[in-house]
Amino acid sequence: MIDSAVAGAAPFLPVRLVVFPEFAHSAPVFETAAELIDKLAIEIPNEHTHRLEQKARAHDIYIQSGSMLEFDPKWPGHVFNTTCLVGPEGILYKYRKVNTWIPYEVHTSPHDLEGYDEPFFPVADTPIGRIGCAICYDWLFPEAMRQLAANGAEVLVRVSAYMDPWGATEPMDWWTVINRARAIENVAYVVATNQGASLKHYPPYSWPGGSQVVDYDGRLLAQASPGPGERIVVAPIDVSALRHERASRRGHHMLAHLRTEAYPVYQGHQYPPPMENEEEISYERNNQLIEEAKRSSKPST
């Protein structure tokens, strides 16, 4: 698919960034973190990232990998939903999903690990622009994209497996609504890739695809047709125009207008409620924590 994207666009414009969807390398088909670690999780770097590095060097491109189930010996008993930005020079960053899709995902959020000392929202300064990434459910939290933008990101990458009925088709189409809103809120380009998988292969869900590129004013520059199967969508990104816009804009510059002290909701801890460090993450435990968090988040009277 990388070769096809580069060759197909070559007569018109050079492809410099390629993005794959969530779980493109492995899907969480087991119910516990222990099973995922035993049967699917891998350390990074690995054979997948090595092959992506070879393609990045061959084509002089940057590749946001599909997500992998990552095991890190530094954090035994935990599995991360991780994507890597890979360039000709190797891995530029790893992003581990901060807002896991609870209660169903049993991956660990780095936010929940005491002593975690790596950046939650890394941004890579590359020759084609400053790139940051977040995964799927992360995007329903405007704070995640705002932090990437605050860290300097000009291109916000969404690696996603966003399923029906909230996906890329009317009447809900959360996919497009969120992508356009985050682009507008952060005066940034959005490159969003989504799984296209049918119900018969992955019950009880289907994934509608619809990968798209959005400019900093929320305009759809390109969009794949929704439905299962492989698609390649290509669109131009003009980082110099974005930088000019950020430098010259006065109105609708939300990054500059942010009144941070107005939001005390972020000054206290919310999720997860206190839990034992050695407690295994499970669907049942996630549900318990969600109920505790809902009770604690009710406004006092």
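The values are calculated or read from the model by the stated rules, or taken from the named source; none is laboratory data. Computed from a predicted model, the values in this text were never measured in an experiment. Cβ atoms come from the backbone with ideal geometry, glycine included; neighbour counts cover every protein chain shown. Heavy atoms of the whole protein, side chains included, go into the accessibility calculation; ligands, DNA and RNA do not. Shrake-Rupley method; radii C 1.70, N 1.55, O 1.52, S 1.80 Å.
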Practice prompt. Take the stretch 185-251, compute every pairwise Cα distance, and split them into 5 Å bins from 0; I just need the percent in each bin.
Written response: 4, 17, 21, 17, 12, 11, 8, 5, 3, 2, 0
Worksheet entry | Cα-projected label distance for Val29 with Ala5, points at 7 Å along beta-carbon direction, nm | 2.4
Worksheet item: Can you pull the semi-axes for the stretch 207-293, root of five times each eigenvalue of the Cα gyration tensor, sorted largest first, whole Å?
Response: 37, 27, 10
Discussion item. Bins of 10 Å, beginning at zero and ending with the bin holding the largest distance: percent of Cα pairs per bin for the stretch 7-105, please.
Written reply: 15, 44, 27, 11, 3
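Take peptides 119-129, 224-234 and line them up by average Cβ neighbours within 10 Å, highest first, as a rough protection proxy.
On the way: 119-129: 17.3, 224-234: 15.5.
Ranked from most to least packed, the peptides come out as 119-129, 224-234.
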Response to the item:
For Cys133, the residues 5 or more places away or on another chain with a placed amide H closer than 5 Å to its own amide H are Val157
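Multiply the residue gap between Ser240 and Met172 by 0.36 nm, knock off their C-alpha separation, and tell me the result in nm, one decimal place. Could you put the intermediate results ahead of the total?
Working: separation 68, 0.36 × 68 = 24.48 nm, distance 3.37 nm.
Gain on extension, Ser240 to Met172, equals 21.1 nm.
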Discussion item. Accessible area per residue for the stretch 172-215 in Å², computed with a 1.4 Å probe and the full protein assembly in place, what is it?
Written reply: 37
Discussion item. Skipping prolines and chain starts, which residues have an amide H placed within reach, meaning under 5 Å, of the one on Leu221, given they are 5 or more residues away or on another chain?
Written reply: Val213, Val214, Asp215
Fill in: Helix-only mean residue ellipticity at 222 nm for the chain, each DSSP H run of n ≥ 4 adding -39500 (n - 2.57), per residue, nearest 500
-7500 deg cm²/dmol
Practice prompt. For the stretch 97-190, just the Cα set please: Rg and Dmax, both in angstrom.
Written response: 13.8, 43
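Report, as a whole number in µm² per second, the diffusion coefficient that Stokes-Einstein gives for the stretch 129-256 at 25 °C and 0.890 mPa s using the Kirkwood radius over alpha carbon pairs. Don't skip to the answer; put the middle values down first.
Details: Rh = 14.8 Å.
It comes out at roughly 166 µm²/s.
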Worksheet, complete the sentence: Counting only protein heavy atoms with a 1.4 Å probe and every protein chain in place, the carbon and sulfur fraction of the accessible surface of the stretch 195-275 in whole percent equals 56
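Taking the convex hull of the Cα atoms, report for the chain its projected area averaged over all directions, in nm². List each step's numbers first, then the result.
Working: hull surface 68.2 nm².
One quarter of the hull surface, i.e. the mean projection, equals 17.0 nm².
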Worksheet item: With the chain treated as a Gaussian network of Cα nodes joined by springs under 10 Å, which of Phe141, Phe23, Phe12 yields the largest mean-square fluctuation?
Response: Phe12
Worksheet, complete the sentence: Debye calc, one equal point scatterer per Cα of the stretch 82-151, no solvent, log10 I(q)/I(0) at q = 0.13, 0.15, 0.23, 0.24 1/Å comes to -0.39, -0.51, -1.09, -1.16
Worksheet item: Fully extended, how many nm does the chain gain between Ile232 and Met254 (0.36 nm per residue separation, minus their Cα-Cα distance)?
Response: 4.7 nm
Worksheet entry | FRET E, pair Val265, Asp125, Förster distance 30 Å, beta-carbon r, rounded to 0.05 | 0.45
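Looking at the chain only, what percent of DSSP beta bridges run antiparallel? Nearest 5 please.
Numbers: 24 of 39 bridges.
Roughly 60 percent of the DSSP beta bridges within the chain come out antiparallel.
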